[in-house]
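What follows is a single structure, written as structure tokens, with notes after it.
The values are calculated or read from the model by the stated rules, or taken from the named source; none is laboratory data. Everything numeric in this text was worked out from a predicted model, so none of it was measured. Please note: Cβ atoms are built from the backbone with ideal geometry, for glycine as well, and neighbour counts cover all protein chains shown.
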Amino acid sequence: MLAVASFSLLAATLLSGAAHAQKDAPAGGIYTCTDARGRTLTADRPIADCSDREQRELSPSGLTRRKIEPTYSAREMAEREDRAREAAVQAAKATDERRRERALLVRYPSAASHDRERNQALSQVDAVIQAAQKRIAELSEDRKKIDEELEFYKADTSKAPGATRRKLEDNTQSMAVQNRFITEQEEEKKRVNARFDEERARLKPLWGPAPSAAAAAPR
């Protein structure tokens, strides 16, 4: 009788444990994806036909447990990494461009301020050119005096005094230097205008539309 009771107790314990184990065991997942032909596939394990695309694991209630990334070959992975790097480079360029635009807008809040600085930059170059032109005028006057000294030796300037010949050589070289300097400054003016033109093109949309004359007029 005791043996029968013990057996019954053991059986009840085992059945209870089995019931708890079944209750506590995690429910199986449901995998779903849309294949290359646009079909929605569902299975109780990862779907081989969707190995090249994202899959979702769902709970029995239909909630997404996790997303499963595609399985890529070494070549595909390398291509993805290349695209990611290129995207990062382009994003960095875009960020830098926005930073530069903000800096320009702070420096030139209006078209008038931009025009004012352009004129100042060009005026500085013009001042340098005028100084060179003044020096050329002085050298031209010196050349007249040198030519007067060489008048007697016009037929053969090699017979002129050494000091006079040296003055002629120095004058010629100085004149060439000043003319070359003026040419360089004219190129600098082109560079200044090109820079301000490029800035103007970038700033114009940032400034927005200019107020109309009617809107600007006092009421």
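The single condition from (1) touching a residue at least 24 places away in the same chain (Cβ under 8 Å); (2) farther than 30 Å from Trp207 by Cβ that Glu101 fails is (2). Within the option set Thr95, Thr183, Thr157, being of a type outside the set (Asp, Glu) and touching a helix residue (DSSP H, G or I) at 6+ places or on another chain (Cβ under 7 Å) holds for one residue only, Thr157.
Residue by residue, here is whether (1) touching a Lys or Arg at 6+ places or on another chain (Cβ under 8 Å); (2) at pLDDT below 95 holds:
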| position | (1), (2) |
| --- | --- |
| Thr157 | yes, yes |
| Glu169 | no, yes |
| Gln173 | no, no |
| Ile182 | no, no |
| Glu186 | no, no |
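When region 67-103 is filtered for residues that are basic (Lys, Arg), under 18 Å from the mean Cα position of the chain (by Cα) and under 26 Å from Arg53 (Cα atoms), the ones remaining, listed by number, are Arg83, Arg85.
Filtering region 35-66 to residues that are over 38 Å from the mean Cα position of the chain (by Cα) and of a type in the set (Ser, Thr, Tyr) leaves Thr40, Thr42, Ser59, Ser61, Thr64. Checking the structure you have, find out if any residue of region 133-141 is closer than 30 Å to Phe196 by Cα, without any contact (Cβ under 8 Å) to a residue 40 or more places away in the chain and either surrounded by fewer than 15 Cβ atoms within 10 Å (Cβ to Cβ) or in the same structural domain as Arg195 (by TED's automatic domain parsing) (or both). Yes, because at least one residue in region 133-141 is closer than 30 Å to Phe196 by Cα, without any contact (Cβ under 8 Å) to a residue 40 or more places away in the chain and either surrounded by fewer than 15 Cβ atoms within 10 Å (Cβ to Cβ) or in the same structural domain as Arg195 (by TED's automatic domain parsing) (or both). Screening the candidates Glu188, Glu184, Glu151 for the property of being of a type in the set (Asp, Glu) and touching a residue at least 60 places away in the same chain (Cβ under 8 Å) yields one hit, Glu188. When Ala87, Ala112 are checked against the criterion of being among the hydrophobic types (A, V, I, L, M, F, W, C) and either closer than 30 Å to Ile182 by Cα or touching a His at 6+ places or on another chain (Cβ under 6 Å) (or both), Ala112 stands alone in meeting it. Screening the candidates Thr172, Thr157 for the property of being assigned by TED's automatic domain parsing to the domain that holds Asp115, exposed (fewer than 15 other Cβ atoms within 10 Å of the Cβ) and under 28 Å from Ala127 (Cβ atoms) yields one hit, Thr172. Just one of the numbered conditions (1) in contact with a helix residue (DSSP H, G or I) (Cβ under 8 Å, 6 or more places away or on another chain); (2) modelled with pLDDT of 95 or more is not true of Ala137: (1). Can you find even one residue in region 71-84 that is β-branched (Val, Ile, Thr) and part of a helix (DSSP H, G or I)? Checked against the condition, which is being β-branched (Val, Ile, Thr) and part of a helix (DSSP H, G or I), region 71-84 yields no hits at all. Residue count for region 154-171 satisfying the condition of being assigned to a helix (DSSP H, G or I), free of Cβ contacts under 8 Å to residues at least 12 places away in the same chain and not aliphatic (A, V, I, L, M): 8.
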